[in-house]
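What follows draws every value from the coordinates through simple rules; no lab data is involved. The shown structure was predicted, so the numbers you read here are calculated from the model rather than taken from an experiment. Cβ sites come from the backbone with ideal geometry, for glycine too, and all protein chains shown count toward neighbours.
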2 protein chains.
Amino acid sequence: MYELMERINEAADVKKFSMDELDKLAVEIREALFNRLTKIGGHFGPNFGMVEAEIALHYVLCSPKDQFVFDVSHQSYPHKILTGRKAGYIDDNRFSEDSGYTNPAESEHDLFNVGHTSTSISLASGLAKARDLKGEHRNVIALIGDGSLSGGEAMEALNVAGSELNSNFIIVVNDNEMAIAENHGGIYKNLAELRKTQGKAANNIFTAFGLDYMYVEKGNDIPTLIEAFQKVKDIDHPIVVHIHTVKGLGYKIAEEHKEEWHWCVPFDRNTGAPTIDFGNCEDYTSITADYIMQKAKKDKKFLIITPAMPGSVGLSADMRKELGDQYIDVGIAEEQAVAMASGAAKNGAKPLVVTNTTFIQRTYDQISQDVCINGNAVTILLNFTSFAGLTDVTHLGIFGIAAFSNIPKLQILAPSSKSEYLNMLDWALDQNEHPVMILIPGNEVTDREADTDYSQIGKFKIEKQGEKVAVLALGDFYQMGESLVNAIKENMGFEPTLINPRFASAIDTELLKSLEENHSLVVTLEDGILDGGFGQKIAAFYSTSEIKVKNYGLEKKFYDRYNPAELLKELGMTDDAMVEEIKRLLGK
Amino acid sequence: MYELMERINEAADVKKFSMDELDKLAVEIREALFNRLTKIGGHFGPNFGMVEAEIALHYVLCSPKDQFVFDVSHQSYPHKILTGRKAGYIDDNRFSEDSGYTNPAESEHDLFNVGHTSTSISLASGLAKARDLKGEHRNVIALIGDGSLSGGEAMEALNVAGSELNSNFIIVVNDNEMAIAENHGGIYKNLAELRKTQGKAANNIFTAFGLDYMYVEKGNDIPTLIEAFQKVKDIDHPIVVHIHTVKGLGYKIAEEHKEEWHWCVPFDRNTGAPTIDFGNCEDYTSITADYIMQKAKKDKKFLIITPAMPGSVGLSADMRKELGDQYIDVGIAEEQAVAMASGAAKNGAKPLVVTNTTFIQRTYDQISQDVCINGNAVTILLNFTSFAGLTDVTHLGIFGIAAFSNIPKLQILAPSSKSEYLNMLDWALDQNEHPVMILIPGNEVTDREADTDYSQIGKFKIEKQGEKVAVLALGDFYQMGESLVNAIKENMGFEPTLINPRFASAIDTELLKSLEENHSLVVTLEDGILDGGFGQKIAAFYSTSEIKVKNYGLEKKFYDRYNPAELLKELGMTDDAMVEEIKRLLGK
């Protein structure tokens, strides 16, 4: 089954193959991809479309001397298979050896641990610059998808490469006419024009950036690609090689449903149907999508802005169409999404920016300067905020509170139930005084009655009045707090106080002060790193008082592919361990 | 002297003037600019170059119904003069009424409080989108300088405007062939080509972004500009109006020395010489420039990367030339600067990225993902980190520690003397394990002996061993700590401990633990906001112990144009006030 792949043990092995064998190798690599992806899921379309290009690159160039930098690196599976890591694809017991992204810890053929978009040209430009300073000779190749070109970092890099690097630098633009969803942005009209004219259009975004340019229509044809890469190998200046590929090539269902097949869960190869059961439970993704659709109907000033990834809150192509003018996808361009929202709020719209927590980091400065200094009522809604959500080191949601809770005027709301979540959304969108960030719950859906008004900034809610110990359980860890107060009662014989802080960015000084009367210990629980986060604000508040504070949360650390339940155990965040610690702190 | 300006009291007044009068008005506005700038300084070149364009815009369009968004807004002085705020320029007693940037609190003609670059197109695109949703009719105009086009946010916005807005949107590109220093980037070759061909070149970065385009060569000629703006007024789609202007026009010295005259201190109009005395004292800018020049000579792998603003650390054009291949200015492109540095470090160079604290916020994600996850030894050197440096709300350095000290693996060093600063620079550049951020001291230069090795991460230094009270005085507030321990000794009769933490991002748990023996109070002093910063990490460390902690620093707040000494007083940060508080906390 993997006859040719058996002969691939290191990067140079592919060079020994004939053209016919390379074509067969491509078939085998797709089989290996199917093996992994049908069983554990992962990025589908990007890898299926780049099999030929990655074979051709390794055929022509010499990794690791020549250096490849993959953008996002969600298309690097064929490269991994070709550089000694096929076991992670063909041996079901060894899937976990492979991270799903490039990773220098796995192989010298991987230069960076990458997971965010639009970084490859910038990173590679630095490799090239250092190479030149040291007088070394090697090819430096940045690979980037068309969808990633809309990100500021990528365009800054094209601009710099177009004038400041006067040496070997090869940018392979993998144009499959898609981001995760369809592309958005004027440059995609230009890419279409370039495809239509076989790269001959006089108006050319890449040459306008000062770069040399070559077009390759047959981006899934190995001999054509080899010829193209041979032409640019050892070139003495920067050049863009624009290759036209088919996303998901080799699996008809994926070719026809490119957005859905960007990424996949385990599936049945015959039907494309998922083989894991999601159950029929309500989840926060569908709750969010429903909310957006209803709100848009009721309120014509409501505007949804997505920096690509509408799917992250369940907005299907049909829903986007139905939203019409009230929906704008700016492409992968978080800075634009947030600054545009500020402008829209200024002129009286009610903008909601939606993306994943890890990607909002891209727009720290715009949130601070363009939004918060101006006090414009932008609502930013973040998915995958929980430590239990995405566990790849490049996609962690655990830094959000620490990063954003220290920006003045920004109110971060951490809902702990469905009603609270929906009420917070309503409040945030209908007020016009505060920039608000809402953390979509990562837990299973639960519900309780919740307030509708959050205009008293920093107002915590006492859910259960008790004594001695007060548990402040934020957002996704509210349920953990409920469980802890029960355990304390059972084990220690008194009823502690349970508080739902609701705000991750502000503290309720009045309530905290009042706790001093009949409490001696405050316990904080937060779903994020402790440094710079919520609990440390509480600790600082009580730092000159007699009250002790115990902060529970994650360490300031780049965790990678962990088991969430195991991690909680390690952190002493089980009921038993916390009760023991509380006993110790109370001197019992 | 201000004959015509006397007739300008509101925005519409300029419409009543004849063409001749408009030319004379331009002369008067330059006189008004001279009046303010010779006396209190400010942005020179950007305003002198845009007098005609802003007159023409107000002549053709109707602010505030039509909405202008200025990029950086350092070129908005003529606009301010034309919209009811001439007193801030011609009346020496009223200079302080004008912030130097656009400011909605000053006037309804200012839409945003802006100070960072590359934001205007994004912000304006949001205004336009909301206008369309609400079915309003108005022109939305974004003004942007050529230098700002290299920033990711601006290019993301061009891309979105080029396809997602199908309505009135006018982007005025003020091309004066300069950023603060010379431009860097491939698009500037394209702008040159467009200037050379009077906008007729087939390859056009703006049309490649999907935008309509118009070129105006005479960018300082009022009738030409009026004609151009009349053509685009009420246009039904986005268009770029590319105007060619002369930076600093109307003052020969500024026209000839554009970089130096981007911004000015008070000066003598005849000679251009500053009228304030800087003294001959050594300052950290010249120390930094000297260090860079020497280090570059000694170490050929040392690479300086500036996202524009080389002047912020005193790198003159001559110095940059001397640095040769070891210097790269990426233009206004912080994301590229930092990611490129990561790549350069990966291939063995020793990159130093230099900019102002407030601008490094632009690259939060790249510092976290491109640099820190990868553990590449990039050194980021930040100027204007102190609360006493830049006091405009858009340029505050007080958020740096809170923003960056919670990113794993990033070591933030806060030197407290010249030797410590230089030793930290040496250590940071010559090691290859840690990403490091160094805060350039904002104080007058002082010196003490300092360690050369900072590889023990988070190792604090006891500068004076004492008892009862330990003062942790970070970076720029080290001298305040020295003064405080003397005041405590004098007033309270015992010798407290003085600690120089050196690290703003990590704590010395061993040393902190040891303090418990003979101290009951720890006082922290930091030059930044308290939320998420250094002191709260100390408070959290001691939160379950008997030790009390008092954090001194700034509030989480967008301060604006304050008096630093007054602010310290308000915050209770004088020796007297702090001694009183310490007495209170010790129960004395």
Other chains near B:142-153: what is the mean number of their Cβ atoms within 10 Å of each residue's Cβ?
3
Between the Cα axis of helix B:575-585 and the main Cα principal axis of chain B, the angle (0 to 90°, nearest 10) is 50
Could you line up B:MET480, A:MET1, B:MET50 from fewest to most neighbouring Cβ atoms inside 10 Å?
A:MET1, B:MET480, B:MET50
Between A and B, which A residue has the Cβ nearest their rotation axis, distance in Å?
A:GLY152, 1
If labels are modelled 7 Å from Cα along the Cβ direction, B:LYS134 lies from its partners in the other copies at nm distances, smallest first, of 5.7
What is the angle, in °, between the Cα long axis of helix A:222-232 and the longest principal axis of the Cα atoms in chain A? Nearest 10 is fine, range 0 to 90.
90
Where does chain B land at 222 nm, in deg cm²/dmol rounded to the nearest 500, when only DSSP H runs of n ≥ 4 count, each adding -39500 (n - 2.57), divided by all residues?
-10000 deg cm²/dmol
Hey, what D do you get for the stretch B:461-585 in µm²/s if you plug the Kirkwood alpha-carbon radius into Stokes-Einstein at 4 °C and 1.567 mPa s?
89
For peptide B:543-550, compute the average count of partner chain beta-carbon atoms within 10 Å of each residue's beta-carbon.
5
Chain A, relative contact order in percent, only Cα pairs under 8 angstrom and at least six apart counted:
10
Arranged by the count of other C-beta atoms within 10 angstrom, fewest first, what order do B:VAL371, A:VAL14, B:VAL378 take?
A:VAL14, B:VAL371, B:VAL378
Karplus-derived 3J(HN,Hα), 6.51/-1.76/1.60, for each residue of the stretch A:325-341, Hz, glycine and proline x:
5, 7, 10, 9, 9, 8, x, 5, 6, 4, 4, 4, 4, 6, 5, 4, 4
Restricted to chain B, the DSSP antiparallel beta bridge percent, nearest 5, is 10
Stokes-Einstein, Kirkwood over Cα pairs, the stretch B:284-439, 25 °C, 0.890 mPa s; D in µm²/s equals 161
On each of the three principal axes the extent of the alpha-carbon atoms of the stretch B:226-297, given in whole Å and largest first, is 57, 36, 18
Taking the DSSP beta bridges in the stretch B:433-548 as the whole, what percent of them are antiparallel, to the nearest 5?
25
Size of charge dipole - chain B - debye, nearest 20, with Cβ of Lys, Arg +1 and Asp, Glu -1, no other charges
760
From Cα coordinates alone, what are the radius of gyration and Dmax values for the stretch B:49-157 in angstrom?
14.0, 44
Quick one, can you get me the convex hull of the C-alpha atoms of the stretch B:113-225 expressed as volume per residue in Å³?
118
From the backbone phi of the stretch B:504-521, what are the Karplus-calculated ³J(HN,Hα) couplings (6.51 cos²θ - 1.76 cosθ + 1.60, θ = phi - 60°) in whole Hz, Gly and Pro given as x?
8, 10, 8, 10, 9, 5, 5, 5, 4, 4, 5, 5, 4, 4, 10, 10, 10, 9
Helix B:478-492 vs. chain B, principal-axis angle (Cα, 0 to 90°, nearest 10)
40
As an exercise, find the ratio Rg/Rh for chain B from alpha-carbon atoms, using the Kirkwood inverse-distance average for Rh.
1.01
Using θ = phi - 60° and the Karplus form 6.51 cos²θ - 1.76 cosθ + 1.60, what ³J(HN,Hα) does each residue of the stretch A:412-420 get, whole Hz, x for Gly and Pro?
9, 9, 10, x, 10, 7, 4, 5, 4
Please compute the alpha carbon radius of gyration of the stretch A:5-264, then divide it by the globular-protein estimate 2.2 N^0.38 Å. Two decimals is fine.
0.93
Relative exposure of A:THR524, B:THR285, judged by other C-beta atoms within 10 Å (fewest first):
B:THR285, A:THR524
Search the structure for amide H atoms under 5 Å from the amide H of A:THR524, placed 1.01 Å from N in the peptide plane, and list their residues when 5 or more places away or on another chain.
A:LEU472, A:LYS550, A:ASN551, A:TYR552
Where Rh is the Kirkwood radius over Cα pairs, Rg/Rh for the stretch B:418-481:
0.97
How much of the DSSP beta bridge set in the protein assembly as shown is antiparallel, as a percent to the nearest 5?
10
Take the Cα atoms of the protein assembly as shown, build their convex hull, and give its volume per residue in Å³.
162
Taking a label point 7 Å from Cα toward Cβ, how far is B:MET293 from its twins in the other copies, in nm, shortest first?
6.8
Test item: A:198-209 mean partner chain Cβ contacts at 10 Å
5
May I ask you to compute the full-extension gain from A:GLU3 to A:THR574, defined as 0.36 nm times their residue separation minus their alpha-carbon distance, rounded to one decimal in nm?
200.6 nm
Alpha-carbon centroids, the stretch A:150-194 and the stretch A:409-441: separation in whole Å:
36
B:GLU31 label points, 7 Å along Cα→Cβ, one per copy: pairwise distances from this copy to the rest in nm, shortest first?
8.7
Efficiency by 1/(1 + (r/R0)^6): what FRET value for B:GLU433 and B:ASP290, r their Cβ-Cβ distance, R0 = 25 Å, to the nearest 0.05?
0.40
Hey, quick one: spin label on B:LYS16, modelled 7 Å out along Cα-Cβ, who in the stretch B:90-110 has an amide N within reach, i.e. under 19 Å?
none
